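Remarks on the structure that follows.
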Amino acid sequence: MHYLTPDLCDAYPELIHVLEPMFSNFGGRDSFGGQIVTIKCFEDNSKVREQVALDGHGKVLVVDGGGSLRCALLGDMLAEKAAHNGWEGIVIYGCIRDVDVIAQTDIGVQALASHPLKTDKRGIGDVDVVVNFAGVTFRPGEYLYADNNGVIVSPSPLQMPE
């Protein structure tokens, strides 16, 4: 489904929370939305690797990477695995790499920046925990919608207005 965040903001002003504008769209989909699954990790994408291997139909992976700009939490292989497993999109409070390939991959990806260095793999991180960044609290099971205008969060699913 194609989402327009300005229309969702206009239709549901009492429900939505808007992220501070710091993310860029890197994925092959320019809009995406779904139920939130969270990861909290810092310069270790082990938990990202585990989650993208799971069924992601109707879901968006929200990764709180602490805003680190020192390495990439997502690359082309994990983005392709996520797309293959049906994930709608991934929002990373951190960096990604392999941006040219990810731009051709059928998944939405928003992140702070690109960085060519991969992370260490130490198996450290938490899944399905409440995280907070960009002025918004993300709770597992809530909903996220993103497009080139921005990223919004809602406690319940939203329908595009007619």
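General remarks:
Conditions (1) open to solvent by 20 Å² or more (accessible area, probe 1.4 Å); (2) touching a Ser or Thr at 6+ places or on another chain (Cβ under 8 Å); (3) closer than 20 Å to Ser31 by Cβ, marked per residue:
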| position | (1), (2), (3) |
| --- | --- |
| His57 | yes, no, yes |
| Val60 | no, no, yes |
| Ser68 | no, no, no |
| Cys71 | no, yes, no |
| Leu74 | no, no, yes |
| Leu78 | no, no, no |
| Ile90 | no, no, yes |
| Tyr93 | yes, no, yes |
| Arg97 | yes, yes, no |
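- Residue check, Val136 modelled with pLDDT of 95 or more and open to solvent by 40 Å² or more (accessible area, probe 1.4 Å): no
Conditions tested, residue by residue: (1) on the phi > 0 side of the Ramachandran plot; (2) more than 12 Å from the chain's Cα centre (by Cα); (3) assigned to a loop (DSSP other than H, G, I, E, B); (4) of a type in the set (Phe, Trp, Tyr).
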| position | (1), (2), (3), (4) |
| --- | --- |
| Thr38 | no, no, no, no |
| Lys47 | no, yes, no, no |
| Leu54 | no, yes, yes, no |
| Leu78 | no, yes, no, no |
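- Restricting attention to the range 1-53, the residues that are surrounded by fewer than 15 Cβ atoms within 10 Å (Cβ to Cβ) and over 22 Å from Gly135 (Cα atoms) total 5.
- Of the candidates Ala113, Ala83, the single residue that is closer than 17 Å to Asp55 by Cα and outside any loop (DSSP other than H, G, I, E, B) is Ala83.
The values are calculated or read from the model by the stated rules, or taken from the named source; none is laboratory data. Just so it is clear, the structure is predicted and the values come from calculations on it, not from any experiment. Neighbour counts run over all protein chains shown; Cβ positions are idealised from the backbone, glycine included. In case anyone asks, the SASA skips ligands and DNA or RNA and just uses the protein heavy atoms, side chains included. Shrake-Rupley method; radii C 1.70, N 1.55, O 1.52, S 1.80 Å.
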